[in-house]
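Note sheet for the following structure.
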Amino acid sequence: MTAHATHSVIGTAEAGGIDDVDAYMQRLGQGARDAATAMRRVDTASKNAALAAMARHLEAARAEVLAANARDLERGRTNGLDAALLDRLALDEARLDGMIDGLAQVAALPDPVGEIDGLRARPSGIQVGQMRVPLGVIGIIYESRPNVTLEAASLCLKSGNACILRGGSEARESNAAIASCIRLGLEEAGLPLAAVQVVATTDRAAVGRLISMPAYVDVIIPRGGKSLIERITREASVPMIKHLEGICHVYIEASADPEKALAIAVNAKTQRYGTCNTLETLLVDGSMAVSLLPRLAAAYAEHEVELRGCERTREILGADVTPASEADWEAEYLAPVLAIRVVDGIEEAMAHIERYGSRHTDAIVTENYGLARRFMAEVDSSSVIVNASTRFADGGEYGLGAEIGTSTDRLHARGPVGLEGLTTRKYVVFGDGQIRS
């Protein structure tokens with residue numbers, strides 16, 4: 001293994017020593033491409049052994065990882081990071097436990113690589129099927145959360161890919177400490193160190209180079225704020241798996257059970273505010289509004305959620321509700337703020353979602369099976385939910401074990417992206433000497 005591959009997976013706390021970012025990123029790209037080729041030969045047992053070794057090394061390095069994170073947090077406070085960013089940046093014993101448990105969960109997942117399905121005989125006598133294979137080299141760009149370094153590494157490794165990880169500068173010391181544990185795990189299992197490389201420089205030019213190296217990188221996955229994803233979408237020459245916003249809706253239909261509706265609408269908004277599957281606009285059928293909206297408003301008041309409503313909502317709840325503007329229907333608040341609109345029927349509800357939704361997650365609460373089927377068929381989102389909270393739109397809740405992100409695109413993955421989403425398929429053909437006439 002080359003020296004640059006070892007250095008890059010360890011990472012550094014500062015950008016010093018890397019004068020030529022273009023040359024540096026090209027070295028990472030070549031190392032990842034070579035590692036991706038080698039990873040095609042790695043069996044499931046070896047991948048699981050590497051994950052187990054990473055868990056052991058992270059356990060042994062708890063103090064060092066937490067100390068590195070404390071330095072990142074102190075620097076973040078000095079630099080004026082807001083409370084939400086500091087929360088995403090912070091590691092503690094419980095979050096480290098979750099990271100270690102996550103490695104075990106990924107190791108326990110079925111390995112999709114090499115699966116052959118759809119095998120069928122053709123009139124010529126050949127058999128044709130499709131085999132799952134890794135995507136190749138995955139570039140992942142993310143902000144704040146140092147746990148993503150480990151999650152991304154584990155999912156890419158288990159799915160047989162090589163990855164280049166570029167975390168945010170605010171987490172650089174945490175990422176470097178975690179990357180050292182990853183390197184030791186790869187080394188112990190005898191896998192290529194360049195299978196997981198953490199970009200050591202905080203120079204923003206590294207991002208521009210990573211997203212424009214199609215010779216080395218097969219797909220980019222951005223995880224971060226809207227400005228980051230907008231920039232990458234605009235500049236990337238490498239295909240992407242992404243979502244831009246999570247403007248999620250819950251529609252309470254006329255036949256809905258009021259108790260179900262109340263529980264779902266409150267949970268979808270208040271269980272956690274800063275996630276992409278959190279409710280941002282609540283749609284309530286006009287026939288339910290007079291009886292249900294006051295109960296909903298009282299429940300939201302207990303959580304100190306600010307309500308912004310349409311004119312009909314304000315007629316029912318009073319002038320204390322802020323008038324909703326056009327911008328409110330387009331808002332991903334990621335905060336204790338909720339837009340509410342009263343609608344007349346499923347057609348109006350679906351038209352609102354079609355106009356303002358972000359194709360992420362939308363839910364209906366209904367006891368009408370036919371309307372539930374219509375909503376599922378006609379709402380064009382990556383997750384469509386009947387009678388449950390939008391907060392379930394998550395790889396872990398869907399049984400994927402973990403996710404590397406959510407895609408609102410149609411190609412090639414959609415919704416929470418787990419191991420299968422990090423693979424593609426190729427045709428395989430079995431013959432016995434057949435020739436085509």
Self-check item: Residue count for the stretch 78-133, restricted to those that are more than 22 Å from the chain's Cα centre (by Cα), closer than 23 Å to G418 by Cα and assigned to a strand (DSSP E or B)
Solution: 6
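Looking at the structure I just gave you, is L86 in contact (Cβ under 8 Å) with a residue 12 or more places away in the chain, within 26 Å of A335 (Cα to Cα) and touching a helix residue (DSSP H, G or I) at 6+ places or on another chain (Cβ under 6 Å)?
Working: in contact (Cβ under 8 Å) with a residue 12 or more places away in the chain: yes; within 26 Å of A335 (Cα to Cα): yes; touching a helix residue (DSSP H, G or I) at 6+ places or on another chain (Cβ under 6 Å): yes.
The answer is yes for L86.
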Quiz item: Does S124 satisfy the condition of being at pLDDT 95 or above and either surrounded by 23 or more Cβ atoms within 10 Å (Cβ to Cβ) or more than 26 Å from R272 (Cβ to Cβ) (or both)?
Solution: yes
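Here is a check on your reading of the model: is G167 touching a residue at least 60 places away in the same chain (Cβ under 8 Å), open to solvent by 10 Å² or more (accessible area, probe 1.4 Å), among the small types (G, A, S) and touching a strand residue (DSSP E or B) at 6+ places or on another chain (Cβ under 7 Å)? If you could, list the steps in order and put the result at the bottom.
Details: touching a residue at least 60 places away in the same chain (Cβ under 8 Å): no; open to solvent by 10 Å² or more (accessible area, probe 1.4 Å): yes; among the small types (G, A, S): yes; touching a strand residue (DSSP E or B) at 6+ places or on another chain (Cβ under 7 Å): yes.
Considered against the rule, which asks whether it is touching a residue at least 60 places away in the same chain (Cβ under 8 Å), open to solvent by 10 Å² or more (accessible area, probe 1.4 Å), among the small types (G, A, S) and touching a strand residue (DSSP E or B) at 6+ places or on another chain (Cβ under 7 Å), G167 comes out as no.
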Exercise. Would you check if there is a residue in the stretch 228-247 being of a type outside the set (S, T, N, Q), more than 30 Å from R40 (Cα to Cα) and in contact with a Phe, Trp or Tyr (Cβ under 8 Å, 6 or more places away or on another chain)?
Key: yes
Quiz item: Do we find that A68 is out of contact with any strand residue (DSSP E or B) (no Cβ under 9 Å at 6 or more places or on another chain), surrounded by 15 or more Cβ atoms within 10 Å (Cβ to Cβ) and more than 17 Å from S174 (Cβ to Cβ) in this structure?
Solution: no
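Of these, A268, A261, which one is more than 30 Å from V417 (Cβ to Cβ), open to solvent by less than 40 Å² (accessible area, probe 1.4 Å), in a helix (DSSP H, G or I) and not basic (K, R)?
Values: A268 fails: more than 30 Å from V417 (Cβ to Cβ).
From the options A268, A261, the qualifying one is A261.
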Exercise. Name the residue, out of R425, R414, that is among the basic types (K, R), open to solvent by 60 Å² or more (accessible area, probe 1.4 Å), at pLDDT 95 or above and under 30 Å from E151 (Cα atoms).
Key: R425
Exercise. State which residue pairs qualify: first residue closer than 30 Å to R41 by Cβ and without any contact (Cβ under 8 Å) to a residue 40 or more places away in the chain and inside the stretch 188-214, second residue open to solvent by 10 Å² or more (accessible area, probe 1.4 Å) and among the charged types (D, E, K, R) in any location, beta carbons under 8 Å apart, and separation of 6 or more residues or different chains.
Key: S212/E235
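Looking only at residues in the stretch 376-411 that are among the hydrophobic types (A, V, I, L, M, F, W, C) and in a loop (DSSP other than H, G, I, E, B), which one is modelled with the lowest pLDDT?
Step one: of the stretch 376-411, the residues among the hydrophobic types (A, V, I, L, M, F, W, C) are 376-377, 379, 384-386, 388, 392-393, 400, 402, 404, 411.
Filter once more, so that each one left must be in a loop (DSSP other than H, G, I, E, B): 379, 388, 393, 400, 402, 404, 411.
On the way: V379: 98, A388: 98, A393: 96, L400: 85, A402: 75, I404: 90, L411: 87.
The selected residue is A402.
Out of N79, N147, N161, I need the residue that is open to solvent by 20 Å² or more (accessible area, probe 1.4 Å), within 21 Å of S407 (Cα to Cα) and not aliphatic (A, V, I, L, M). Which one? Write out each step before concluding.
Details: N79 fails: within 21 Å of S407 (Cα to Cα); N161 fails: open to solvent by 20 Å² or more (accessible area, probe 1.4 Å).
Result: N147 is the single residue among N79, N147, N161 that is open to solvent by 20 Å² or more (accessible area, probe 1.4 Å), within 21 Å of S407 (Cα to Cα) and not aliphatic (A, V, I, L, M).
Quick one: count up the residues across the stretch 276-286 that are outside any loop (DSSP other than H, G, I, E, B) and buried (at least 16 other Cβ atoms within 10 Å of the Cβ). Outline the logic, then answer.
Looking only at the stretch 276-286, we keep the residues that are outside any loop (DSSP other than H, G, I, E, B), and these are 279-286.
Those left that are additionally buried (at least 16 other Cβ atoms within 10 Å of the Cβ): 279-285.
Number of matching residues: 7.
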Exercise. Could you grab me the full set of residues in the stretch 308-348 that are of a type in the set (D, E) and over 19 Å from L296 (Cα atoms)?
Key: E326, E330, E332, E347, E348
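Quick one: in the stretch 177-190, which of the residues that are surrounded by fewer than 22 Cβ atoms within 10 Å (Cβ to Cβ) and either in contact with a Lys or Arg (Cβ under 9 Å, 6 or more places away or on another chain) or not charged (D, E, K, R) (or both) is farthest from D87 (Cα to Cα)?
From the stretch 177-190, those surrounded by fewer than 22 Cβ atoms within 10 Å (Cβ to Cβ) are 180, 184, 187-190; that's our starting set.
Now restrict to residues that are either in contact with a Lys or Arg (Cβ under 9 Å, 6 or more places away or on another chain) or not charged (D, E, K, R) (or both): 180, 184, 188-190.
Numbers: S180: 23, L184: 28, E188: 33, A189: 33, G190: 36 Å.
That would be G190.
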Quiz item: Has the stretch 283-295 got at least one residue that is among the β-branched types (V, I, T) and within 21 Å of D380 (Cα to Cα)?
Solution: yes
Exercise. Return only the number of the condition from (1) surrounded by fewer than 18 Cβ atoms within 10 Å (Cβ to Cβ); (2) farther than 22 Å from S325 by Cα that R223 does not satisfy.
Key: (1)
Quiz item: Any residue at all in the stretch 95-107 that is touching an Asp or Glu at 6+ places or on another chain (Cβ under 7 Å), touching a residue at least 12 places away in the same chain (Cβ under 8 Å) and on the phi > 0 side of the Ramachandran plot?
Solution: no
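The values are calculated or read from the model by the stated rules, or taken from the named source; none is laboratory data. Quantities reported herein were computed from a predicted structural model and do not represent experimental measurements. In this analysis, Cβ positions are derived from the backbone assuming ideal geometry, glycine residues included, and neighbour counts consider all displayed protein chains. SASA here: full protein model, heavy atoms, side chains in, ligands and nucleic acids out. Shrake-Rupley method; radii C 1.70, N 1.55, O 1.52, S 1.80 Å.
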